[in-house]
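**Q** Let me give you the structure first, and then I'll get to my questions.
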Amino acid sequence: MIALLDYGAGNIRSVQKALERAGAQVQLVRDPGQLRGAAAAVLPGVGAFDDCIHSMQRQELFHAALQFIQTGKPFLGICVGYQALFERSEEFNSCAAGLGLFTGRVVRFAGGHLKVPHIGWNQVEVLRPGCPVLKGIESGAYFYFVHSYFPQPQDPTLALTRTTYGATFASAIWKDNVFATQFHPEKSQQTGLRLLENFVALSRG
Amino acid sequence: MLAKRVIPCLDVHDGHVTRGVQFGRAEAGGLRNVGDPVELAVRYNEQGADEMVFFDITASAQGRASMVGVIERAADQCFMPLTVGGGIRTVEDMQTMLRAGADKVSINSSALATPDLIRQGAEKFGSQCIVVSIDCKKVAPDKWEVFAKGGRQPTGLDAVDWAKKAVELGAGELVLNSIDADGTKAGFDLVITRRISEQVGVPVVASGGAGTLDHMADVLIEGQADAVLAASIFHFGTYTVLQVKEHLAKRGIPVRL
């Protein structure tokens with residue numbers, strides 16, 4: 001069973017359906033107790049960083065997510081669920097502290113001639129081809145992005161893929177059992193489903 | 001590199017996809033039924049559509065209820081971005097559609113009536129969810145006016161001014177419909193598309209008037225649009241999404257193939 005953390009993120013249904021299509025049995029998890037017994041966990045997210053953090057805190061899923069990660073079981077963060085793994089965001093008026101699993105900040109695209117949000121299909125360059133969730137996915141593959149902010153990991157070796165939109169940024173990261181993507185695999189058609197299938201396979205050990 | 005998007009638009013009337021021949025005529029009964037929205041969505045998904053827009057032209061409570069079902073079914077089968085427009089008047093309407101599986105909601109007349117709806121939606125769901133659709137018509141040399149109510153009601157607003165205001169209020173994307181051209185397959189209005197695209201900091205989707213493959217290429221190159229949205233060119237089988245993208249690629253436009 002894959003636990004999908006349901007703290008009110010708007011795209012939860014899409015993530016659930018895509019994981020199911022990828023072969024997973026999905027349970028929506030609204031309180032920490034339900035995380036026990038999960039083989040893997042997914043933290044979705046869309047919208048504002050602070051909203052995401054505060055909602056997770058209200059449902060006591062904030063520390064539960066960190067504890068889950070420490071069990072070593074596969075964990076996938078998507079979009080704001082990726083950004084939440086970092087210390088803090090530079091989003092307008094943001095004062096919430098992220099999970100702080102990784103050192104670094106979430107910063108905004110520069111703007112100017114660049115259109116923000118970054119919306120649409122962009123390519124990834126695969127930096128660590130041995131990564132199990134990227135099996136069958138190569139550099140040049142397109143994923144769907146929709147965001148104005150992105151994390152800047154202090155440790156450059158965290159980056160799993162990178163993508164260029166004005167700036168070049170870590171569009172996915174990987175450390176041990178933790179995978180996180182700025183793009184939306186649940187909205188990236190066959191390529192996205194492939195990534196989710198790989199993740200589901202990992203959860204089966 | 002970020003690809004330019006090709007977006008089929010499905011006009012949904014009481015759960016069926018229809019297509020009027022000219023702007024604003026759909027409600028007047030000039031409809032052609034072209035099929036089940038979810039079947040069409042699945043077909044376009046397979047052809048490599050980059051997104052899909054569902055537009056509720058029923059504009060009644062009953063129509064909205066059937067739209068929720070359409071979005072749920074589409075979202076269960078198409079793992080791609082979905083936008084819903086038509087008849088969305090409140091933050092609760094937005095929430096209903098987003099919960100059903102839509103990624104973005106598109107507002108037009110309701111934003112003109114209550115501009116603050118843009119801000120409320122952006123604050124609650126994030127700017128990336130809020131699309132403002134603008135119907136405009138060239139009313140004088142070098143002047144484009146915004147029209148409400150499906151293109152029937154002049155607003156006195158200048159199209160560029162309204163586009164900028166919508167973005168200030170929190171719109172994350174604009175859809176620009178040129179009324180003169182829509183449905184008549186006369187081509188996109190390149191001048192106003194480019195002007196708005198250059199003056200706002202968010203993506204601009206060009207809509208209305210795609211009759212040939214070169215119309216689409218032109219609005220992406222000369223019109224500086226970030227995406228093209230079209231209905232009849234796809235529904236009537238004139239071209240597949242893939243054929244459009246292959247043509248755009250030949251013209252040197254970055255697309256996802």
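The values are calculated or read from the model by the stated rules, or taken from the named source; none is laboratory data. A quick note: this is a predicted structure, and the numbers were derived from the prediction, not measured. Note that each Cβ is placed from the backbone with ideal geometry, even for glycine, and that neighbours are counted across all protein chains shown. Just so you know, the surface numbers come from the protein's heavy atoms only, side chains and all, with ligands and any DNA or RNA stripped out. Shrake-Rupley method; radii C 1.70, N 1.55, O 1.52, S 1.80 Å.
**Q** Counting other C-beta atoms within 10 Å, and keeping those with at most 13, which DSSP coil trypsin sites (Lys or Arg not before Pro) do you find in segment B:202-257?
**A** Answer in residue order: no site qualifies.
**Q** Between B:A65 and B:V91, what is the spin-label point distance in nm, taking each point 7 Å from the Cα along the Cα→C-beta axis?
**A** 2.6
**Q** Hey, can you rank A:67-75, A:103-111 by average C-beta count inside 10 Å, highest first?
**A** A:67-75, A:103-111
**Q** Per residue, how many Å² of accessible area does segment A:76-167 show with a 1.4 Å probe?
**A** Here the residues of segment A:76-167 average 41 Å² of exposed surface.
**Q** Let me ask something additional. What part of the accessible area of chain A, given as a whole %, is carbon or sulfur when the probe is 1.4 angstrom?
**A** Answer for chain A is 47 percent, counting heavy atoms of protein chains only.
**Q** Tell me which residues come under 5 Å, amide H to amide H, from A:L4 once H is placed; ignore anything under 5 positions away on its chain.
**A** Those qualifying (amide H under 5 Å, at least 5 residues apart or on another chain) are A:Q27, A:L28, A:V29, A:V42.
**Q** Considering only DSSP beta bridges where both residues belong to chain A, give the percentage that are antiparallel (nearest 5).
**A** For chain A, the DSSP antiparallel bridge percentage is about 60.
**Q** If you don't mind, there's one more thing I want to ask. In segment B:206-246, what chymotrypsin sites (Phe, Trp or Tyr not before Pro) fall in a loop by DSSP, with at most 14 other Cβ atoms inside 10 Å?
**A** Those satisfying the criteria are B:F236.
**Q** With contacts defined as alpha carbon pairs under 8 Å and 6 or more residues apart, what's the relative contact order of segment B:5-250 in percent?
**A** Working: 521 pairs, mean separation 42.6, N = 246.
17 percent.
**Q** Taking chain A on its own, what percent of its Cα-Cα pair distances exceed 28 Å? Could the numbers behind the result be given before it?
**A** Values: 3722 of 20910 pairs.
So the portion of pairs separated by more than 28 Å is 18 percent.
**Q** Okay, moving on. Need the per-residue list for segment B:37-83: every residue with at least 30 Å² less accessible surface in the complex of protein chains than in the chain by itself, probe 1.4 Å, sorted by number.
**A** Those are B:D76, B:F79, B:P81, which lose 30 Å² or more relative to the chain on its own.
**Q** For the pairing of chain B with chain A, what total accessible surface becomes buried, with a 1.4 angstrom probe, in square angstrom to the nearest 100?
**A** For chain B against chain A, roughly 2700 Å² becomes buried.
**Q** Next question. Would you mind telling me the antiparallel percentage of the DSSP bridges in chain B, rounded to 5?
**A** 35
**Q** If you roll a 1.4 Å probe over chain B with all protein chains in place, what percent of the accessible area is carbon or sulfur?
**A** After summing per-atom areas, the C and S share lands at 49 percent.
**Q** Related question: Which pairs, out of B:K164/B:K245; A:K17/B:K164; A:K135/B:K250; B:K104/B:K245, put more than 28 Å between their alpha-carbon atoms?
**A** B:K164/B:K245; A:K17/B:K164; A:K135/B:K250
**Q** Run the helix sum for chain A: -39,500 (n - 2.57) per DSSP H stretch of 4+ residues, divided by residue count, reported at 222 nm to the nearest 500 deg cm²/dmol.
**A** Numbers: 5 runs with 49 residues, N = 205.
After summing the helix terms and dividing by residue count, I get -7000 deg cm²/dmol.
**Q** Quick one: go through segment B:206-233 and flag any residue whose amide nitrogen is under 20 Å from the point 7 Å out along the Cα-to-Cβ line of B:E39.
**A** B:231-233
**Q** For the pair A:Q25 and B:T238, how long in nm is the line joining their label points, each one 7 Å along Cα→Cβ?
**A** So the label points at A:Q25 and B:T238 sit 5.1 nm apart.
**Q** While we're here: Helix-derived [θ] at 222 nm for chain B: sum -39500 (n - 2.57) over DSSP H runs of at least 4, divide by residue count, nearest 500?
**A** That calculation yields -11000 deg cm²/dmol at 222 nm.
**Q** So if each residue of separation counts as 0.36 nm, and I subtract the Cα-Cα distance between A:E87 and A:T71, what length gain in nm does that give?
**A** Values: separation 16, 0.36 × 16 = 5.76 nm, distance 2.08 nm.
Value of the extension gain: 3.7 nm.
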